[in-house]
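Asks: Can you read through this structure? Questions will come right after.
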Amino acid sequence: MGRPVLVVLILAGLAAALGPVGIGAQEAYRDVAVKNGATISGEAIHPGPPPGPFVIWVKKDAEVFGEKVPDDRLVVSRAGKIKNVVVTLEGISEGKPWPDQRPQLANKGGRFLPHVQIVRTGTPLEIVNRDPVLHNTHGYQDGRTVFNLAQPNANQVIKRPLRRAGLVDIMCDSHDWMSAWIMVQGHPYVAVTGEDGAYAINDVPPGTYTLTAWHEKLGRQQHQVTVKAAEQKKVNVTFPAK
């Protein structure tokens, strides 16, 4: 079985397992003024002893990247806080406008940077090669190719719009250990946890929402959240130990 066919089968199974991540982004979203909006914040927590840190041994172009690179697929701090968890409010149809965006995905040092990011639906993504070797950046959404770009030259930039909401899985066809994820979303009520596992979503209109937390290795969790005007709501998400 060839690698593209295998990738399609894997991603189709992943989509079925994860369910409707980002479904709220399919609905039309309207910018409105939000007065006395609430803030939902919290941490992504890994119980028990933190795993890792993990590394990936380089199989190709080690003279450029070194013998190993960090494994960004599961990053947990010594305090047990998880990086790169995508936190989304589902069921929100109007609210604050998007901030200005110029999203970029860099091939650098044998890794994709950033490993996880949020991009507004329809926004052009800049894909740049920062290494002096060939990279082939390949994006899949629901098992289908979104873009497939060969970049043989250092500092080469190619732009591609991301037109459909949902998760985009990024791979490099030249270096099979490289991976990244993009959450394409129609509304700005979404965040990615940082090194400290923390997230914050502000200017939330009063109401009841489903908060979805997704991690590529740890799966998905959902919590119902109700907020009042100007409320500071704390919602931590604890994933099962791996």
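Asks: Cβ-Cβ distance below 7 Å, separation of 6 or more or different chains: which pairs start in the stretch 41-58 with a residue that is touching a residue at least 24 places away in the same chain (Cβ under 8 Å) and within 28 Å of Lys234 (Cα to Cα) and end on one that is hydroxyl-bearing (Ser, Thr, Tyr) and open to solvent by 40 Å² or more (accessible area, probe 1.4 Å)?
Replies: Pairs that qualify, where the first residue is touching a residue at least 24 places away in the same chain (Cβ under 8 Å) and within 28 Å of Lys234 (Cα to Cα) and the partner is hydroxyl-bearing (Ser, Thr, Tyr) and open to solvent by 40 Å² or more (accessible area, probe 1.4 Å), are Ile45/Thr238; Pro47/Thr238.
Asks: Being touching a helix residue (DSSP H, G or I) at 6+ places or on another chain (Cβ under 7 Å) and over 25 Å from Gln221 (Cα atoms) is the filter here, so list the residues in the stretch 89-146 that pass it.
Replies: Gly109, Gly110, Asp131, Pro132, Val133
Asks: Additional query: So Met178 fits all but one of (1) within 24 Å of Ile45 (Cα to Cα); (2) touching a Phe, Trp or Tyr at 6+ places or on another chain (Cβ under 9 Å); (3) buried (at least 17 other Cβ atoms within 10 Å of the Cβ); what number is the exception?
Replies: Answer for Met178: the failing condition is (1).
Asks: Of the residues in the stretch 59-70, how many are part of a loop (DSSP other than H, G, I, E, B) and either in contact (Cβ under 8 Å) with a residue 12 or more places away in the chain or on the phi > 0 side of the Ramachandran plot (or both)? So that I can check it myself, show each step before the final result.
Replies: Taking the stretch 59-70 as the starting set, the residues that turn out to be part of a loop (DSSP other than H, G, I, E, B) are 59-61, 66-67.
Add one more test, that the residue is either in contact (Cβ under 8 Å) with a residue 12 or more places away in the chain or on the phi > 0 side of the Ramachandran plot (or both), and what stays is 59-61, 66.
Adding up the residues that qualify gives 4.
Asks: OK, next. Can you tell me how many residues within the stretch 71-90 are touching a residue at least 24 places away in the same chain (Cβ under 8 Å), surrounded by 16 or more Cβ atoms within 10 Å (Cβ to Cβ) and in a loop (DSSP other than H, G, I, E, B)?
Replies: 9
Asks: Return the pair list, or none, for Cβ contacts closer than 6 Å from residues in the stretch 92-120 that are in contact (Cβ under 8 Å) with a residue 12 or more places away in the chain and open to solvent by 60 Å² or more (accessible area, probe 1.4 Å) to residues that are of a type in the set (Asp, Glu) and assigned to a strand (DSSP E or B), at least 6 apart or on different chains.
Replies: As it stands, the answer is Pro97/Asp31; Gln104/Glu126, since those pairs meet every condition given.
Asks: I want to confirm something. Restricting to the stretch 29-70 and keeping residues that are surrounded by fewer than 18 Cβ atoms within 10 Å (Cβ to Cβ) and of a type in the set (Asp, Glu), which single residue is nearest to Leu218 (Cα to Cα)?
Replies: Glu67
Asks: While we're here: Just name the residue that is most open to solvent (accessible area, probe 1.4 Å) out of those in the stretch 124-160 that are on the phi > 0 side of the Ramachandran plot and not polar (S, T, N, Q).
Replies: Asp142
Asks: Residues of the stretch 94-138 being polar (S, T, N, Q) and not in a loop (DSSP other than H, G, I, E, B), which ones?
Replies: Residues satisfying the conditions are Gln104, Asn107, Gln117, Asn129, Asn136, Thr137.
The values are calculated or read from the model by the stated rules, or taken from the named source; none is laboratory data. This is a predicted model, so every value here is computed, not measured. FYI the Cβ positions are ideal-geometry reconstructions off the backbone, even for glycines, and counts take in every protein chain you see. SASA here: full protein model, heavy atoms, side chains in, ligands and nucleic acids out. Shrake-Rupley method; radii C 1.70, N 1.55, O 1.52, S 1.80 Å.
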